[in-house]
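Engineer: Okay, handing you the structure first.
The values are calculated or read from the model by the stated rules, or taken from the named source; none is laboratory data. Because the structure is predicted, anything quoted here is derived from the model rather than measured. Here the Cβ positions follow ideal geometry from the backbone for every residue, glycine too, while neighbour counts run over all protein chains shown.
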Amino acid sequence: MTTEPIIRVEHLAKRFGTFEAVKDVSFTVNRGDVFGFLGPNGAGKSTTIRCLLSLIRPDAGKVELFGKSYANERSAILANIGSIIEKPDFYRYLSAERNLEIFARISGANVGKKEIAEMLDFVGLGDRGKHKVKGFSHGMKQRLGIAQTLLHQPELIILDEPTTGLDPQGIVEIRNLILRLRTEQNKTVVLSSHQLSEIELIANRMVIINKGKTIVEGAVQDLLDANDLQVRIETDDAGAAKSVIVAAYPTTDVTQLNARELEFPVHKDQVHLINQLLVNAGIPVHAIEPKRKLEDYFMNIISSEHVA
Amino acid sequence: MLLKNTWNEFIKILSKPRSYLGVGALTLLIGIIIFAMKADGKSIISFVTASFEQTLTFNGHILNGYLIAFIILQMLIVHVPLLVALVTGDLIAGEAAMGTIRMLATKPISRTNIVLSKFIAGAAYTLFIIIWMGFLALFVSTALFGTGDVIVLNSDGLVILPEADVLWRFGAGFCVAFLSLLTVSSLSICLSAFAENSIGPIVATMSVIILFTIIGSLDVTVFDSIKPYLFTTHMVSWRSFFEDPVPWSTIRQSVIILVAHNVVLVAIAIVRFNKKDITS
């Protein structure tokens, strides 16, 4: 993995009147990253993303994309970016095809009717190209937004909540699409999402911001330590199972959730040993599920910020 | 990129139902005026000429298509600004309300070009409205009522313009009327750059026109110094072409002031839009 920076944000600050939306945000996105951009509501995510796209002028700090700044090379930067901000909005009175034509015409790339038809097929709207957008569901608009984002083959893709309003199949499709963009086309993707499980599954690096400041930035694997899991076990007798586990691993903090369920932290290599231990003790194990760690990590980091 | 986005703007204007509202309203209004003239035009003309009949005798085809075109232009030039503002006031603010301004502003086109392309498209729509108005007023009227000399009632008295001397006056009058409507278009685009929904700029544009018109018509000394610089003062300059002799210096002054208004208003819109944080 190359570490050529595609986005460099340093000490970004933006104020709206007396409200400081962003106080001090810094992060770097490298070429080929799928970069998770996380933060609770009101953390300053949207303002930061808008600064990345020159929709908002920062009061202080530096934003550099592809080693260029908006002050001198706005068009050159934007020609290499595809984005969805918050929700894709289109001209409701125009067809999907016509909407894509309009945005393609000013994208700086040579995009024809053939490419538009292919892109509509790609996002599953091939048979809806002639239909007006006003009849589209939120999920369909989201797909059309993805089509608009990718149409001009940008190097950098910025997606703000791309799976909102999509059905489970749509979410999986978008996830696979992002992974393909990274692996097959070496695209760089910045992904802001409330669905932490999605970020955990597809992002290789991430930043968490809160109250307008960067809290933590780094590789997802390093931050979460992928080998340390939090698992939930379902058995016939959670009390007996707890006793067996604590006897074998006295330092493990086992929480009994109810009569049938336990939860505890464990190293990835020990999961099968614990399963064997319980089975050998005559306690049948019906399920072992790893809990999404990013959710816990995120909640811990945000709540510690609140305490601070 | 400017031309490409101007083409986009044409497509948007042509696809919006509100664009046809103005054309429909104009057609209906002109239709009503022509119908009224056909039904009762002679008594209306007699009412106007009655005060002169002690000293003058009117012969010939007074109620003709040219006169009706003049009446239509005089009556509608007050209402057409609303029809223009309805479309042009929506050009920037409507995109902000719809959210498409985000998509537009993240494309590799400068914000200045976005405003300029909207101004050009707005100007083209305004030109279409004027041409449509001219077509209905002049060609439909002359087809139904024939042609003839035009009798125009001015503050100085009656001006009788021979039939052969009328068409060029309509042509020039429509050009100046276009320039005054273009000023309305620029004003609404300028106000649109400050707003997040299209109702505000449309209402504000009409409010400015009403306010300036009232100031222009008030016979108060303190307003005398600003009246020549209000664009509304020059919105009726097209009428100067129907005077004899034509007051060219007055028309020239009006054209300069209207052009200056357009330049200043578009410049304000460009500066504002370039500095605007797009948060919608």
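Engineer: Just to be sure, is A:A76 assigned to a loop (DSSP other than H, G, I, E, B), at negative phi and either at the interface with chain B (Cβ under 8 Å from one of its Cβ atoms) or among the aliphatic types (A, V, I, L, M) (or both)? Let's see the steps before the verdict.
Structural biologist: On the way: assigned to a loop (DSSP other than H, G, I, E, B): no; at negative phi: yes; either at the interface with chain B (Cβ under 8 Å from one of its Cβ atoms) or among the aliphatic types (A, V, I, L, M) (or both): yes.
No: the conditions fail for A:A76.
Engineer: Test A:Q169 against the stated conditions and say whether it is modelled with pLDDT under 85, of a type outside the set (S, T, Y) and part of a helix (DSSP H, G or I).
Structural biologist: Values: modelled with pLDDT under 85: yes; of a type outside the set (S, T, Y): yes; part of a helix (DSSP H, G or I): yes.
Against the criterion (modelled with pLDDT under 85, of a type outside the set (S, T, Y) and part of a helix (DSSP H, G or I)), A:Q169 qualifies.
Engineer: Determine which single condition A:H152 fails, assuming it passes every other condition in (1) assigned to a helix (DSSP H, G or I); (2) under 25 Å from A:F35 (Cα atoms).
Structural biologist: Tallying (1) assigned to a helix (DSSP H, G or I); (2) under 25 Å from A:F35 (Cα atoms), A:H152 fails exactly one: (1).
Engineer: Only one of these conditions is not met by A:R232: (1) basic (K, R); (2) in a helix (DSSP H, G or I); (3) within 26 Å of the chain's Cα centre (by Cα). Which number is it?
Structural biologist: Going through the list (1) basic (K, R); (2) in a helix (DSSP H, G or I); (3) within 26 Å of the chain's Cα centre (by Cα), A:R232 breaks only (2).
Engineer: How many residues are surrounded by 14 or more Cβ atoms within 10 Å (Cβ to Cβ) and touching a Phe, Trp or Tyr at 6+ places or on another chain (Cβ under 7 Å) if we restrict to region A:246-268?
Structural biologist: Selection size over region A:246-268: 2.
Engineer: Turning to a different aspect of this structure: Quick one: what pairs do we get from region A:212-223, first residue within 27 Å of A:A60 (Cβ to Cβ), second among the basic types (K, R), C-beta under 7 Å, 6+ apart or different chains?
Structural biologist: Close Cβ pairs (under 7 Å, with a partner that is among the basic types (K, R)) amount to A:G212/A:K23; A:K213/A:K23; A:G218/A:R205.
Engineer: Further, regarding this structure: Which members of region A:172-189 meet the condition of being assigned to a loop (DSSP other than H, G, I, E, B) and farther than 22 Å from A:V207 by Cα?
Structural biologist: Filtering region A:172-189 for residues assigned to a loop (DSSP other than H, G, I, E, B) gives A:184-187.
Residues satisfying the conditions are A:E184, A:Q185.
Engineer: Starting from residues that are within 12 Å of chain B (Cβ to nearest Cβ) and in a loop (DSSP other than H, G, I, E, B), keep the ones in region A:29-73 and report whichever is farthest from B:S280 (Cα to Cα).
Structural biologist: Residue satisfying both the conditions and the ranking: A:D59.
Engineer: Just wondering, is there one or more residues in region A:133-143 that are away from chain B (no Cβ under 12 Å), aromatic (F, W, Y), over 28 Å from A:D33 (Cβ atoms) and without any contact (Cβ under 8 Å) to a residue 60 or more places away in the chain? Working first, answer last.
Structural biologist: Filtering region A:133-143 for residues away from chain B (no Cβ under 12 Å) gives A:135-140, A:142-143.
Imposing the further condition that a residue be aromatic (F, W, Y) reduces the set to A:136.
If we keep only those that are over 28 Å from A:D33 (Cβ atoms) too, we end up with A:136.
Next, only the ones that are without any contact (Cβ under 8 Å) to a residue 60 or more places away in the chain stay: A:136.
Looking for residues that are away from chain B (no Cβ under 12 Å), aromatic (F, W, Y), over 28 Å from A:D33 (Cβ atoms) and without any contact (Cβ under 8 Å) to a residue 60 or more places away in the chain, one finds at least one in region A:133-143, hence yes.
Engineer: Are there any helices (runs of 4 or more DSSP H) wholly within region B:186-280 with 2 or more residues that are touching a Ser or Thr at 6+ places or on another chain (Cβ under 8 Å), more than 14 Å from every other protein chain (Cβ to nearest Cβ) and within 30 Å of A:S46 (Cβ to Cβ), and if so which? Before the answer, list the steps.
Structural biologist: On the way: elements: B:199-217, B:221-224, B:248-275.
In region B:186-280, B:199-217, B:248-275 are the helices (runs of 4 or more DSSP H) which contain 2 or more residues that are touching a Ser or Thr at 6+ places or on another chain (Cβ under 8 Å), more than 14 Å from every other protein chain (Cβ to nearest Cβ) and within 30 Å of A:S46 (Cβ to Cβ).
Engineer: Of the residues A:T188, A:T183, which single one is of a type outside the set (K, R), surrounded by 15 or more Cβ atoms within 10 Å (Cβ to Cβ) and closer than 25 Å to A:S83 by Cβ? Don't jump to the end; show me each part of the working.
Structural biologist: Working: A:T183 fails: surrounded by 15 or more Cβ atoms within 10 Å (Cβ to Cβ).
Matching residue, one of A:T188, A:T183: A:T188.
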